[in-house]
Amino acid sequence: MSNVYVADKPSAAREGRPSGRLLEVEDLRVEFRTRDGVAKVINGVTYHVDAGETLAVLGESGSGKSVTAQTIMGILDTPPGFVTGGEIRFHGKDMLTMSAEERRRIRGEGIAMVFQDALSALNPVFTVGFQIAEQFRVRRGMSRRDAKKRAAEMLDQVKIPNAKQRVNEYPHQFSGGMRQRVMIAMSLALDPEVLIADEPTTALDVTVQAQIMDLLGELQRERQMGLILITHDLGVVADVADRIAVMYAGRIVEEAGVYELYAKPAHPYTIGLLESIPRIDEKGQQLRTIRGLPPSLLRIPTGCPFHPRCPMAQPVCAEKVPPLLQLGSTRASACHFAEELVKRD
Amino acid sequence: MTESILEVRDLVKYYPVTRGIVFKKTIGHVQAVDGVSFDLHKGETLGVVGESGCGKSTLAKVLMHLEKPTSGGVTFNGQDIYKLGAGGLRRLRRNIQLVMQDPYTSLNPRMTVGDLIGEPFEIHPEVAPKASRRQKVQELLEVVGLNPEHINRYPHQFSGGQRQRIGIARALALRPEIIVCDEPVSALDVSIQAQVMNLLEKLQDEFGLSYIFIAHDLSVVRHLADRVAVMYLGKIVELGSEEQIYERPTHPYTQALLSAVPVPDPNSRHNKAIIRLTGDVPSPTNPPSGCRFRTRCWKAEEVCAREVPLLELRSGSDHPSACHFAEKREIVVSHEAGELTELPTRTL
Ligand SMILES: Nc1ncnc2c1ncn2[C@@H]1O[C@H](COP(=O)(O)OP(=O)(O)OP(=O)(O)O)[C@@H](O)[C@H]1O
Ligand SMILES: Nc1ncnc2c1ncn2[C@@H]1O[C@H](COP(=O)(O)OP(=O)(O)O)[C@@H](O)[C@H]1O
Ligand code: SF4
Ligand code: SF4
Ligand SMILES: [Mg+2]
Ligand SMILES: [Mg+2]
């Protein structure tokens, strides 16, 4: 019906929840087998999110952020997409090797996702209220009337003005930003334990974005929800993230706490990203960009996948793949020269 | 620079709100755009910023002649665009192009990239003879930084940034004079965004394009725009040069918007001077009397409910502002730590 996937959550599931890692992705590998060849889209992604924590996933378009998220949700487009390695553990259990039924039950404990292309996901022939209420009826067995009342409350929670009235309106009557808020309301409706938000505030203006991020923050604190925030907005990331994982060509190239990453990025790609943001406090000249294009995933460059675009590249970079190595206890970088980057002033 | 290419006067677009299925009854109007006037100068970029639902896309649709305005007019190169015949309309469509907000829905999924970018040539065959089209499309792919080898691929095989480039290539195909960009970079990652912004600037220089650049990201608009119009609930509330709007904003709404821009520095988290707007954006079906911003404005006085503040030059300021009490205010938009200010909202 819609593009928001909300899993069932048996009420008992929250009880006696083991502490520790909520969701872990380890060395995940995904490829798309297309007519043009095999696109290696995810090439060993490792990240995790704990309860009550916000992990921001940053990276260029096409770097595999959404495919990783789709694989976590179990909605990878198969074929052409195939998982070829790795684990996705929810509360310590690998979701990739368990039975479909088991997997549905674990998803049932509440992983929800707001999709990147949510704007086109609402069904044009049903009212917005009906589409939200459907979840409460189907998943929670609520009466039509109660479900509609809850739908209006959800619209109100995501700050849609006149929620009681607008619940009866159709998607085309909402502006782009308001439709995105409807999608967020749908994903939060059943109180997920982990929310994967793929560019959730991209279409929103700043005052509403601030409200939505406040709202997500509130929910997260209340429910100890883990949030995986996929975004290209380095401003939002600086405001809300606890940790950041930077992705490039299907790999994590840098992972660090938010403060250390902004203070001293330890990967040339991250440095490039931080330099290419337009700033509100000055009228800049031409923006610094990262030269070139992201690689075709049919032909990922040898060695470090970033080397054709990297201003620091050395001969070794075209030969050896730099592994994601720990730098001290809190951060990691996949660059042959990471140590030098961290030591610089 | 001062030569106007597009003159927009008192543009109004209302959508009827209806009830009933068989006997439709109009029970009100969404005042999506309500009395908007501005000029677009040759070769300039006019930025349009404002909250979701304030009428930016509606404005774009009406300017593109995709919808007729309820009232008001638009003159393009001296001609009223709503009075054009079939031939004139065809020329208009060539000269004003649109790059859309959403690269995920604006491209037909069943057409190859080559067909998508070549489609404008089918409609306007005089621009490129059939034999040269494939090459033209490949050139366009190159101009927007896409691999010309990918000409036979379908939109779903591209990521968002790549799809937005396809949209830009398509808009460029007919060599238009004006491109209306409705949120062209908002769905993109920063390095791609920077490339697309530089691309838009490059194309502007190369082809002498004029842009109407609609975006909610105020940093992006500052970077690209020569002048900026700030919209709230269907009206322009402040209009000025990029410097006037960003350095010396006088409308409380502009001030609130600027202060809410997230700053890419985690150290500013706890000491940012955000003017948190309380209350909701009122419904455009039934906007507040007088000043439409008054229900969320911390400076509102009794006069604000009575009198509509016109967009005009006011004492103590060098650009038009639609506020009875327009005045400068120091907005902390820098990356340095500022003081926390909480502003009370006055209710009437
Ligand atoms: N066809 C329509 N029928 C009724 N109301 C409409 C229609 N199209 C738009 N509206 C309403 O007009 C107002 C302006 O919408 P518009 O899409 O122009 O906003 P916007 O500024 O582009 O917002 P966003 O930043 O979210 O894209 C909104 O209240 C919207 O709900
Ligand atoms: N259904 C599909 N078929 C083939 N390739 C795909 C499909 N979906 C995604 N891809 C490719 O996978 C790569 C990663 O995509 P995605 O995860 O959406 O990137 P992003 O980091 O922008 O979210 C891209 O190169 C994209 O073109
Ligand atoms: S390994 Fe080499 S090419 Fe890769 S990021 Fe580091 S310096 Fe650049
Ligand atoms: S006219 Fe009054 S309500 Fe409107 S912005 Fe100015 S002070 Fe605020
Ligand atoms: Mg994505
Ligand atoms: Mg819009």
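The values are calculated or read from the model by the stated rules, or taken from the named source; none is laboratory data. The structure presented is a predicted model; accordingly, all values stated were derived computationally and were not measured. Remember, those area values only see protein heavy atoms, side chains included, never the ligands or the DNA or RNA. Shrake-Rupley method; radii C 1.70, N 1.55, O 1.52, S 1.80 Å.
Brief remarks follow.
- Considering only beta bridges that DSSP places wholly inside chain B, some 60 percent are antiparallel.
- P(r) tail, the range B:1-134: Cα-Cα pairs separated by more than 27 Å, 36% of all pairs.
- Accessible-area composition of the range B:250-321, carbon plus sulfur, in percent [1.4 Å probe]: 52
- Solvent-accessible surface, computed for protein heavy atoms with a probe of 1.4 Å, shrinks by 40 Å² or more for the following residues of the range A:181-202 when the other protein chains are added to the isolated chain: A:THR202.
- By the rule of a C-alpha distance below 24 Å, with chain neighbours fewer than 8 residues away ignored, the lysines paired with A:LYS93 are A:LYS9, A:LYS65.
- Gap separating the Cα centres of the range A:22-96 and the range B:147-188, nearest whole Å: 27
- Surface analysis of chain B yields an accessible area of 42 Å² per residue, using protein heavy atoms and a 1.4 Å probe.
- Euclidean distance between Cα centres, the range B:13-89 to the range A:283-334, Å: 46
- Using the Cα coordinates of the range A:183-314, the gyration tensor eigenvalues translate into equivalent-ellipsoid semi-axes of 30, 19, 14 Å, sorted from longest to shortest.
- Most mobile listed residue (B:THR105, B:THR295, B:THR250) in chain B, GNM with C-alpha springs under 10 Å: B:THR105
- Partners for A:LYS159 among lysines (Cα-Cα distance below 19 Å; same-chain residues under 8 apart left out): A:LYS148, A:LYS149
- Solution diffusion estimate, µm²/s, Stokes-Einstein, the range B:250-321, Kirkwood Rh from C-alpha pairs, 25 °C, viscosity 0.890 mPa s: 173
- Cα-based reach from B:LYS24 at 19 Å (exclusive), listing lysines while leaving out same-chain residues under 8 positions away: none
- Build a GNM of chain A with springs between Cα atoms under 10 Å apart, and of A:TYR248, A:TYR170, A:TYR269 the one that fluctuates most is A:TYR170.
- GNM top mover of A:ASP191, A:ASP94, A:ASP77 - chain A, alpha-carbon springs below 10 Å: A:ASP77
- Computed on protein heavy atoms with a 1.4 Å probe, the accessible areas place B:GLU242, A:GLU275, B:GLU3 in the order B:GLU3, A:GLU275, B:GLU242, largest first.
- Accessible surface buried once B binds A (1.4 Å probe; total of both sides; Å²): 5100
- Cα-only Debye scattering, the protein assembly as shown: base-10 log of I(q)/I(0) at q = 0.06, 0.10, 0.11, 0.12 Å⁻¹: -0.34, -1.01, -1.24, -1.48
- Pairs exceeding 25 Å between alpha-carbon atoms, taken from A:LYS283/B:LYS328; B:LYS83/B:LYS130; A:LYS164/B:LYS299: B:LYS83/B:LYS130; A:LYS164/B:LYS299.
- Considered as an equivalent ellipsoid built on the Cα gyration tensor, the range A:123-171 has semi-axes of 16, 13, 8 Å, the largest given first.
- Less than 5 angstrom separates the built amide H of B:SER210 from those of B:GLY43, B:ILE178, B:ILE179, all sequence-distant by 5 or more or on a different chain.
- Heavy-atom accessible area with a 1.4 Å probe sorts B:THR45, A:THR34, largest first, into A:THR34, B:THR45.
- Whole-percent carbon and sulfur share, accessible surface of chain A, 1.4 Å: 49
- Extent along the principal axes, Cα only, for the range A:53-170: 49, 34, 32 Å, with the longest axis given first.
- Direction-averaged projected area, Cα convex hull, chain B: 20.4 nm², rounded to one decimal.
- Interface residues of the range A:256-290, defined as a loss of at least 30 Å² in heavy-atom accessible area between the chain alone and the complex of all protein chains with a 1.4 Å probe, are A:TYR259, A:TYR262, A:SER276, A:ILE277, A:PRO278, A:ARG279, A:ILE280, A:ASP281, A:LYS283, A:GLN286, A:LEU287, A:THR289.
- Computed on chain B, with alpha-carbon pairs under 8 angstrom and 6+ residues apart, the relative contact order is 18 percent.
- Using C-alpha pairs under 8 Å with a sequence gap of at least 6, the mean separation divided by the residue count of chain A gives a relative contact order of 21 percent.
- Over the residues of chain B, the helix contribution to mean residue ellipticity at 222 nm works out to -8000 deg cm²/dmol, using -39500 (n - 2.57) for each DSSP H run of at least 4.
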